[in-house]
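See below for the structure under consideration.
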2 protein chains.
Amino acid sequence: MPLTDGSFKNKKVISIGTVSELTGLSERQIRYYESRKLIFPERSKTGLRKYSFQDIETLIEIANRLEDGVWTNEIRKELKGRKQLAKDPGFTNQLIKGQLNAQIKM
Amino acid sequence: MPLTDGSFKNKKVISIGTVSELTGLSERQIRYYESRKLIFPERSKTGLRKYSFQDIETLIEIANRLEDGVWTNEIRKELKGRKQLAKDPGFTNQLIKGQLNAQIKM
DNA sequence: CGTGTAAGGAATTCTGACACG
DNA sequence: CGTGTAAGGAATTCTGACACG
């Protein structure tokens, strides 16, 4: 199965510092939007937040809505409208292949 | 301009620990392949390596070739065959928009 | 050649809180 | 409400080196 690019978009692998650079938002803001239930990063085993490119797009959208004077409560409702579709259609499979190979090697 | 998914694939935003988890390779191996000129991560301002999803695919490929008993020197040649095409066709533009908005807001 | 590891330091991220408003 | 900051601690990453082979 060919690797469809859509696989990357929802893979949570970016740390908060990088997200901050990419979006222009402060880490404080990014964490706050999470507490407001606008974004849902995953956590590494040790608790570090991990974001996807999709999250970054959502964050930019959130920043734009806030500029318009919209409250996070309202933004949450707006965001709920757009269902986040199928995640991970293929990429993990490829990764597993790579890891299996690595294992078998041992 | 709509955001083409290809934009994500070449964006260097993943740190080495995450790459290690995703590929099953040790950080030592990943850094070594860089010293062998097989992969070319970018660096954050403070020197931390950042990889793209494309790099991850390449790493899995490298691991597979090594299992076949191929030397890094040879793998480098093989990799050179496949030109890494256009990077960043659009994503950065969108990010800049978000950041500009953020700036203007101030 | 390719990879593991201990070593010391630098950079990152986390949480809870005080602050302003 | 949304965001800044200082505080202390925990987790991550970096480089150069010794080791095996």
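The values are calculated or read from the model by the stated rules, or taken from the named source; none is laboratory data. Keep in mind the model is a prediction, meaning the values are calculated, not measured. Please note: Cβ atoms are built from the backbone with ideal geometry, for glycine as well, and neighbour counts cover all protein chains shown. Each accessible area value is taken on the protein alone, full model and side chains, heavy atoms only, with ligands, DNA and RNA left out. Shrake-Rupley method; radii C 1.70, N 1.55, O 1.52, S 1.80 Å.
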Checklist entry - Does segment B:14-42 hold any residues that are within 10 Å of DNA strand C (Cβ to nearest atom), outside any helix (DSSP H, G or I) and of a type outside the set (Gly, Ala, Ser), and which are they? => result B:Leu25, B:Arg36, B:Leu38
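From the list A:Ser44, A:Ser26, A:Ser35, exactly one residue is of a type in the set (Ser, Thr, Tyr), over 25 Å from B:Leu48 (Cβ atoms) and either open to solvent by 70 Å² or more (accessible area, probe 1.4 Å) or without any contact (Cβ under 8 Å) to a residue 24 or more places away in the chain (or both). Which is it? Full working, then the answer.
Details: A:Ser44 fails: over 25 Å from B:Leu48 (Cβ atoms); A:Ser26 fails: over 25 Å from B:Leu48 (Cβ atoms).
Being of a type in the set (Ser, Thr, Tyr), over 25 Å from B:Leu48 (Cβ atoms) and either open to solvent by 70 Å² or more (accessible area, probe 1.4 Å) or without any contact (Cβ under 8 Å) to a residue 24 or more places away in the chain (or both) holds for just one of A:Ser44, A:Ser26, A:Ser35, which is A:Ser35.
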Next on the checklist: Looking only at segment A:48-81, how many residues end up being open to solvent by 50 Å² or more (accessible area, probe 1.4 Å) and under 22 Å from B:Ser7 (Cα atoms)?
Outcome noted: 1
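Within 16 Å of DNA strand D (Cβ to nearest atom) and modelled with pLDDT under 95: which single residue out of B:Gln29, B:Gln84, B:Gln94, B:Gln103 fits that description? Let's see the steps before the verdict.
Numbers: B:Gln29 fails: modelled with pLDDT under 95; B:Gln84 fails: within 16 Å of DNA strand D (Cβ to nearest atom); B:Gln94 fails: within 16 Å of DNA strand D (Cβ to nearest atom).
Every option except B:Gln103 fails the conditions.
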